[in-house]
1. Looking only at the range 101-133, which residues are in contact (Cβ under 8 Å) with a residue 40 or more places away in the chain and open to solvent by 40 Å² or more (accessible area, probe 1.4 Å)?
2. Hey, any hits in the range 59-79 for a residue that's farther than 22 Å from Ile108 by Cα and touching a residue at least 40 places away in the same chain (Cβ under 8 Å)?
3. Determine if the range 162-170 includes at least one residue that is surrounded by 15 or more Cβ atoms within 10 Å (Cβ to Cβ) and of a type in the set (Lys, Arg).
4. Every residue in the range 105-162 that is farther than 23 Å from Leu83 by Cα, among the hydrophobic types (A, V, I, L, M, F, W, C), in contact with a helix residue (DSSP H, G or I) (Cβ under 8 Å, 6 or more places away or on another chain) and more than 11 Å from the ligand (Cβ to nearest atom), please.
5. Within the range 60-81, identify whether any single residue is away from the ligand (no atom under 14 Å from the Cβ), more than 21 Å from Val169 (Cα to Cα) and in contact with a Cys (Cβ under 8 Å, 6 or more places away or on another chain), and answer yes or no.
6. Just for the range 26-38: of the residues that are part of a loop (DSSP other than H, G, I, E, B) and farther than 13 Å from Thr3 by Cα, which one is least open to solvent (accessible area, probe 1.4 Å)?
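The values are calculated or read from the model by the stated rules, or taken from the named source; none is laboratory data. Nothing here was measured: the structure is a model prediction, and the numbers come from that model. Virtual Cβ from ideal backbone geometry, glycine too; neighbours counted across all protein chains shown. Calculation scope for accessible area: heavy atoms of the full protein, side chains included, ligands and nucleic acids excluded. Shrake-Rupley method; radii C 1.70, N 1.55, O 1.52, S 1.80 Å.
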Amino acid sequence: MKTIAVFASGNGSNFEALAAACADGRIAARIALMVCDKPGAFVNERAARYGIPTFTFNPKEYPSKADYEREIVRRLRAERVELICLAGYMRILSDVVLEAYRDRIVNIHPSLLPAFKGAHAIADAFAYGVKVFGVTIHYVNGELDGGRIIAQRAFEYLGSDPEELEARVHAVEHPLYVETVAKLVAEQ
Ligand code: GAR
């Protein structure tokens with residue numbers, strides 16, 4: 001049984017997909033910690049519902065990013081976390097976390113990378129007028145949405161409703177993240 005941490009900043013639907021899969025055995029791992037940089041984010045309620053411990057912090061209360069990341073690493077080590085899954089964590093990690101967990105951090109991104117990097121990938125792809133959308137899961141390095149690709153899934157969307165598109169993206173994300181993390185923990 002592996003020990004993982006999930007980092008999230010917002011709604012937390014991907015966090016919940018992973019939490020549900022760990023709870024029912026589809027992923028052979030335990031989520032030891034949910035790390036969140038937004039005290040009011042809905043993901044905190046989801047974690048409470050699953051009884052998953054959280055480290056939720058306000059970055060402004062720390063002198064620097066290195067300071068709060070050192071605190072994160074301290075807590076990850078205390079829980080013996082082996083793999084970090086970023087699930088809508090909208091901050092770029094610095095070397096403090098990257099070096100502590102080299103090759104053991106994965107991210108889910110709502111586009112077919114290397115297209116549409118950044119925080120507004122779905123809106124950017126929609127505005128561009130692409131017809132094939134998708135999701136990428138990749139290892140995390142120091143570059144924004146960079147790092148070796150682990151899995152991708154594409155789908156065609158010809159509609160004109162941004163909310164419907166976003167729902168389609170999430171519907172692809174959840175099973176893909178669960179399948180991919182299940183494979184990673186089985187291989188490790
Ligand atoms: C997801 O669509 C995820 O791919 C995206 O944030 C959303 C979080 O949704 N991540 C990025 O854009 C990272 N660059 P959720 O909080 O419901 O899981």
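1. Matches in the range 101-133: Leu112 only.
2. yes
3. Looking through the range 162-170, at least one residue is surrounded by 15 or more Cβ atoms within 10 Å (Cβ to Cβ) and of a type in the set (Lys, Arg).
4. Ala115, Phe126, Phe133, Phe155
5. Within the range 60-81 (the criterion being away from the ligand (no atom under 14 Å from the Cβ), more than 21 Å from Val169 (Cα to Cα) and in contact with a Cys (Cβ under 8 Å, 6 or more places away or on another chain)), the answer is no, since none of the residues qualifies.
6. Top of the filtered list is Asp37.
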